[in-house]
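Some notes on the structure that comes next.
Each value in this text was obtained by applying a stated rule to the coordinates, not by laboratory testing. This is a predicted model, so every value here is computed, not measured. Counting neighbours? That spans all protein chains shown, and the Cβs are built from the backbone with ideal geometry, glycine included.
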Amino acid sequence: MKISKIICAVLASAMVLAFAGCAEKEKTTLIMATNAEFPPYEYREGDQIVGIDAEIAQAIADDLGLELVIEDMAFDSIIAAVQSGKADIGVAGMTVSEDRLANVNFSNPYTTAAQVVIVKEGSAITSPADLVGKKIGVQLGTTGDIFAGDIENATVERFNKGFEAVQSLNQDKVDAVIIDREPAKVFVTQNEGLAILDEAYTIEEYAIAVAKDNTELLDQINASLAKLEESGKLEEIIGKYIKAE
Ligand code: GLN
């Protein structure tokens, strides 16, 4: 009698353990894919990745009770990382575009941005219309890259990092660079003799990329973003990095 009781107890606890093992492991991290070469949205400060996107993602992770993990990779690998589930979200000053929407979903936009043209001071290029037939530096796989490809007779030089495109402008290897406005401002401040054309090339919106099949996370992110907007936190984060002119 006593022995059968013990056997029962052992079997019961084994079953409890087996069930616990089968239960899906609860997710505790939010993995963000980015390319930390894009100040003020994401860049390295020592061994930390900081910037507007890093702070927005941190605020979302806090709201969802998850630990934020940032994975730094080439910009043109981010969509694939999100699609494959290697990362949960892509946050990289990423412009919402039709092409990308074929592969991932985007959250509601969290900011408006622009593509601008950087030239050498005193350049004959004074408006985007003057780019016809010119040599244009861009960052590979960005919307700047796509727009440059549409300019008549232009030669497009593609770089892995935006600042490498700017360096090649400095060295007169290209005539102009098409890149997002805020990084452009940072790069122009860091390099003497460069200027941003007044006329923006395009106006765009940045949003967070999420895998097509992860609509639950997409809804959670949109809800968090709405809270951040309502509380003024989103504006506070952006204002910390971008000073009003
Ligand atoms: N906004 C541009 C794009 O989405 C560039 C982004 C980036 O270089 N991080 O293509």
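Taking the condition over 12 Å from the mean Cα position of the chain (by Cα) and either within 16 Å of the ligand (Cβ to nearest atom) or closer than 17 Å to Val156 by Cα (or both), does Leu131 pass? Answer is yes for this residue.
Taking segment 31-50 as the range and being within 15 Å of the chain's Cα centre (by Cα) and surrounded by fewer than 24 Cβ atoms within 10 Å (Cβ to Cβ) as the test, the residues that pass are Ile31, Ala36, Glu37, Pro39, Pro40, Tyr43, Arg44, Ile49, Val50.
The residue list Ala154, Ala102, Ala87 contains one member that is away from the ligand (no atom under 11 Å from the Cβ), surrounded by fewer than 16 Cβ atoms within 10 Å (Cβ to Cβ) and among the small types (Gly, Ala, Ser), which is Ala102. Ala200 meets each of the listed conditions (1) assigned to a loop (DSSP other than H, G, I, E, B); (2) away from the ligand (no atom under 16 Å from the Cβ); (3) of a type outside the set (S, T, N, Q) apart from (2).
Residues in segment 134-151 that are within 16 Å of the ligand (Cβ to nearest atom), surrounded by fewer than 21 Cβ atoms within 10 Å (Cβ to Cβ) and part of a loop (DSSP other than H, G, I, E, B): Leu140, Gly141, Asp150.
Here's the yes/no breakdown for (1) touching a residue at least 24 places away in the same chain (Cβ under 8 Å); (2) closer than 23 Å to Ala92 by Cβ; (3) of a type in the set (Lys, Arg):
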{"position": "Ala114", "(1), (2), (3)": "yes, yes, no"}
{"position": "Val119", "(1), (2), (3)": "yes, no, no"}
{"position": "Ile125", "(1), (2), (3)": "yes, no, no"}
{"position": "Ala129", "(1), (2), (3)": "no, no, no"}
{"position": "Val132", "(1), (2), (3)": "no, no, no"}
{"position": "Gly137", "(1), (2), (3)": "yes, yes, no"}
{"position": "Leu140", "(1), (2), (3)": "yes, yes, no"}
{"position": "Asn160", "(1), (2), (3)": "yes, yes, no"}
{"position": "Ile179", "(1), (2), (3)": "yes, yes, no"}
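Mind listing whichever residues of segment 35-49 are within 16 Å of the ligand (Cβ to nearest atom) and part of a strand (DSSP E or B)?
Listed by number, the residues that qualify are Glu37, Phe38, Glu42, Tyr43, Arg44, Ile49.
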